[in-house]
Amino acid sequence: MLLLLMMMTTAAALHRKTLVSDAARELEKSKMARFDEKSGNLYVTELGRVASHFYIRHSSIVTYNDLLKRHMSEAEVWQHSCIPTANPKLQQGTLRKTCLLPVCKTKPFLPKQ
């Protein structure tokens with residue numbers, strides 16, 4: 001009985017370690033954290049700190065990482081901010097209409113890439 005309990009505990013710990021490592025690799029891939037595989041240490045980057053402070057979802061960070069380039073004009077940045085898949089609050093309708101929607105109405109006038 002004791003041996004079975006020890007095996008179950010070991011299996012649960014191994015599964016937990018795998019889940020944490022997979023999540024840490026995802027955060028590293030999205031540039032939100034740095035993960036040291038050997039030591040198991042996780043270091044938060046500035047992007048990850050800002051995302052957690054403003055409750056920005058991981059999926060939003062991944063989308064913005066795909067859309068943003070090294071050098072962009074202000075119009076291009078605003079254009080990407082108005083894409084509903086990049087901004088989940090536009091999808092959910094929870095963003096205040098007085099805040100960003102007037103800017104998004106000017107989207108047809110922004111330069112196309």
Practice prompt. Within segment 63-74, work out how many residues are loosely packed, with under 15 Cβ neighbours inside 10 Å and either assigned by TED's automatic domain parsing to the domain that holds LYS29 or not hydroxyl-bearing (Ser, Thr, Tyr) (or both).
Written response: 8
Worksheet item: Filter segment 43-78 for residues that are at pLDDT below 90 and of a type in the set (S, T, N, Q); which is farthest from SER21 (Cα to Cα)?
Response: SER73
Worksheet item: Pick from segment 26-53 the residues that are within 19 Å of LEU68 (Cα to Cα) and hydrophobic (A, V, I, L, M, F, W, C): which of them is surrounded by the fewest Cβ atoms within 10 Å (Cβ to Cβ)?
Response: VAL50
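The values are calculated or read from the model by the stated rules, or taken from the named source; none is laboratory data. Everything numeric here is computed off the predicted structure, so don't read it as measured data. Heads up, the Cβs are rebuilt from the backbone with ideal geometry, glycines too, and the neighbour counts pull from every protein chain shown.
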